[in-house]
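First comes the structure, then the notes that go with it.
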Amino acid sequence: MRLPTKEKGLWLVPLAIALLLWEFIAWYVIRDPLILPRFSTVIFSIYILRELVIPDILTSLLHFGIGLALAFSAALPLAIGMGWFRNVFKAIDPIIEILRPIPPLAWIPVAILWIGLTHSAAGFIIFIGAFFPILIDSYTGFRDVPKVLVETGKVLGCIGDKKLIKYVAFPYALPSIATGTRVGMGVGWMCVVAAEMFGVGNYGLGFRLFQDFYFLHQMDYVIAYMLILGLVALCVDRVFRYFVEEKLLKWKKGIVK
Amino acid sequence: MNHKLELRNVTKTFNTEGGEMEALEDINLEVKPNEFLCIIGPSGCGKTTLLRLIAGLDYPNSGEIILDGKEVIGPSPDRGMVFQEFSLFPWRTVLKNVEFGLKIRGMKDKARREIAEKYIELVGLREFENCYPYELSGGMKQRVAIARALATEPAILLMDEPFGSVDAQTRNILQEELLEIWKRTKKTVLFVTHSVDEAVYLADRVAVMSARPGCLVKCLGIDIPRPRKRTSMEVNEFREKLLMLLSLERSKACIKP
């Protein structure tokens with residue numbers, strides 16, 4: 001999204017007000033750092049924890065990367081099948097719809113038993129979270145290719161499913177695949193905390209949050225890590241949007257916005 | 001180039017919920033090389049269906065369609081088609097759209113660029129070749145579609161109300177341009193329209209169809225010399241003749257149960 005220059009700093013004011021309000025309420029109203037630590041204390045905690053923060057972020061990104069890569073490479077071929085071939089959709093959709101409502105957290109015991117306490121087990125939980133949004137948005141894209149584009153392809157010699165998918169359906173579905181991936185990334189990141197809760201390693205944002213800080217009742221550390229969770233996700237999303245929406249989907253600019 | 005299209009006893013029925021619907025009944029038609037033939041008829045008379053059969057996007061229930069001595073069995077770039085709806089691939093620039101058929105054919109980058117540029121020049125869109133479809137007006141989109149259909153050097157150009165969704169003034173300009181292109185490329189053109197004015201302005205010959213079941217009522221040659229004047233006496237007389245014929249068909253269709 002492109003904001004006019006005048007509105008570029010618009011988000012700064014509400015953010016500053018929210019932070020000031022937080023600082024003020026914590027200091028004068030709540031007055032108990034165990035319930036709500038001050039914003040300045042939280043920022044200071046990040047400084048204190050600086051030795052831990054980077055390895056924790058990297059470990060969490062590793063889990064996230066494993067999960068997302070798995071989810072994307074499994075969902076995309078399935079989405080092509082389900083979106084392009086009606087019979088594949090009819091055959092597979094019931095299975096998908098049974099598995100989809102199962103919360104990723106419910107898969108934790110399965111992950112531990114199948115994979116053990118490894119990074120891959122955490123990746124598996126994130127995979128479950130990210131897989132369905134990617135699949136569903138993507139197959140919708142393949143399913144909704146306008147008939148006139150398919151027929152145009154055919155009269156220009158683009159004949160057969162393989163060619164039609166490659167030259168017509170896939171480029172048409174790309175924005176849907178991108179949307180699905182973005183939503184999947186969001187859900188996947190939410191699963192990071194849960195995925196690291198059961199101790200697959202000695203690092204990770206979720207691991208730290210539950211294994212260290214929670215037991216020690218260190219609210220300022222907890223909130224510091226919550227902020228980091230939010231900030232990392234924001235960065236990942238921005239990078240994704242920059243590369244995908246600005247570079248890959250330039251042709252869509254006139255349509256969305 | 002002398003390409004000849006022949007339709008022999010072509011019949012098409014559709015299976016609808018209310019049973020079988022006869023869309024085309026016993027169509028016999030011969031399109032001469034380099035001829036500009038308009039097919040005109042009331043809406044629902046099957047003129048689009050007829051064009052789709054020739055394009056190979058649908059199959060006749062009986063009868064045969066023969067192009068240059070070979071029976072039509074499916075879509076192929078030897079029959080270029082321009083659709084009524086905007087059919088440009090939105091993710092491709094003007095140049096890439098026009099190149100599409102050549103790319104599918106496996107032509108090398110440089111060769112296909114040369115050909116595509118020639119046809120873009122022909123429709124007068126040289127400065128827009130790097131634009132995406134969303135940046136073009138309706139008339140420009142159809143010009144690109146014409147260039148794209150011509151780029152694969154089809155034996156015959158099929159046009160399904162290509163100017164139906166542009167405004168009246170643009171339509172007049174596009175008609176003139178199409179005649180110029182026709183004169184220069186010496187293509188055989190089969191042009192479906194519901195506009196009497198359009199048919200009289202463009203065609204060498206007009207085939208009049210009636211509705212339900214769709215059949216050819218009459219073929220009229222228009223021997224008014226070109227360039228034609230839209231408001232001239234002869235044009236108006238011919239228009240009158242066509243309108244009479246069409247209203248006669250409409251009243252017949254109303255009497256039928």
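The values are calculated or read from the model by the stated rules, or taken from the named source; none is laboratory data. Note that the coordinates shown come from a computational prediction; the quantities given were computed from them, not determined experimentally. Ideal geometry is used to build each Cβ from the backbone, glycine not excepted, and the neighbour counts take in all protein chains shown. Side chains included, ligands, DNA and RNA excluded: accessible areas come from the protein's heavy atoms. Shrake-Rupley method; radii C 1.70, N 1.55, O 1.52, S 1.80 Å.
Data for the structure
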item: GluC sites (Glu not before Pro) restricted to DSSP loop in the range B:100-184 with at most 13 other C-beta within 10 Å; result: none
item: Principal-axis tilt of helix A:86-99 within chain A, Cα atoms, nearest 10 degrees; result: 20 degrees
item: Farthest toward positive dipole pole in the range B:1-97 [+1 Lys/Arg, -1 Asp/Glu at C-beta], among B:M81, B:P42, B:L29; result: B:M81
item: Pairwise label distance in nanometres, B:T185 with A:V150, each label 7 Å out on the Cα-Cβ vector; result: 2.6 nm
item: Theoretical FRET efficiency, 1/(1+(r/R0)^6), r = Cβ-Cβ of A:I25 and A:R50, R0 22 Å, to 0.05; result: 0.25
item: Environment charge of A:I46, counting only residues whose C-beta is closer than 15 Å and scoring Lys/Arg +1, Asp/Glu -1; result: -1
item: For B:V189, residues with placed amide H under 5 Å, excluding near neighbours; result: B:E35, B:F36, B:L37, B:L157
item: Solvent-accessible area of B:F89 with every protein chain in place, 1.4 Å probe, in Å² to the nearest 10; result: 0 Å²
item: Residues A:K163 and B:H194, FRET efficiency given R0 of 22 Å [Cβ-Cβ distance, rounded to 0.05]; result: 0.05
item: The range B:14-113: trypsin sites (Lys or Arg not before Pro) falling in loop per DSSP and having at most 16 other Cβ within 10 Å; result: B:R105, B:K108
item: Accessible area (Å², 1.4 Å probe, nearest 10) - B:T16; result: 70 Å²
item: Residue-wise HN-Hα coupling along the range A:152-163, computed from phi with Karplus coefficients 6.51, -1.76, 1.60 (Hz; x: Gly, Pro); result: 4, x, 4, 5, 8, x, 8, 10, x, 4, 4, 5
item: Choice from A:M185, A:M219, A:M197 with maximal GNM fluctuation in chain A (Cα, 10 Å cutoff); result: A:M219
item: Theoretical gain in end-to-end length, B:S247 to B:R228 [0.36 nm per residue, Cα-Cα removed]; result: 4.4 nm
item: Extension reserve of the A:A69-A:I35 stretch, reckoned as 0.36 nm per residue once the Cα distance is removed; result: 8.4 nm
item: Between A and B, accessible area buried - total, square angstrom, nearest 100, 1.4 angstrom probe; result: 2100 Å²
item: Relative packing of peptides A:227-238, B:184-195 - highest average C-beta neighbours within 10 Å first; result: B:184-195, A:227-238
item: Label-point separation in nm, B:E127 to B:E237, each point 7 Å along Cα→Cβ; result: 4.4 nm
item: Net charge dipole size for chain A [Lys, Arg +1 and Asp, Glu -1 on Cβ; Debye, nearest 20]; result: 1240 debye
item: Rounded accessible area per residue of the range B:121-246, 1.4 Å, Å²; result: 43 Å²
item: 5 angstrom amide H check on B:M209, placed H, neighbours 5+ away; result: B:I40, B:G41, B:V217
item: Heavy-atom accessible area order for B:S43, A:S45, largest first, 1.4 Å probe; result: B:S43, A:S45
item: Accessible area in square angstrom per residue, the range A:52-252, 1.4 angstrom probe; result: 47 Å²
item: Label-to-label distance, nm, for residues given as B:E22 and B:N9 (7 Å Cα→Cβ offset); result: 1.5 nm
item: Filter on A:K162/A:K252; A:K154/B:K108; A:K147/B:K218; A:K154/A:K250; B:K70/B:K141 - keep pairs with C-alpha separation over 22 Å; result: A:K162/A:K252; A:K147/B:K218; A:K154/A:K250; B:K70/B:K141
item: Candidates A:L105, A:L58, A:L20, ranked by Gaussian network fluctuation over chain A, Cα under 10 Å, top entry; result: A:L20
item: Dipole of chain A, positive direction: furthest Cα of A:A233, A:S73, A:L209, with charges on the beta-carbon; result: A:S73
item: Whole-Hz couplings from phi, Karplus 6.51/-1.76/1.60, listed for the range B:15-23; x for Gly and Pro; result: 8, 10, 5, x, x, 7, 10, 7, 8
item: Sites A:R100 and B:K108, calculated FRET efficiency, Cβ-Cβ separation with R0 35 Å, nearest 0.05; result: 0.15
item: Share of carbon and sulfur in the accessible heavy-atom surface of the range B:120-257 [1.4 Å probe, %]; result: 54 percent
item: Surface accessible to a 1.4 Å probe, A:M226 within the full protein complex, Å²; result: 110 Å²
item: Residues in the range A:148-196 that, when all protein chains are in place, have 50 Å² or more less accessible area than the chain alone would give (probe 1.4 Å); result: A:V148, A:L149, A:E151, A:T152, A:V155, A:L156, A:Y167
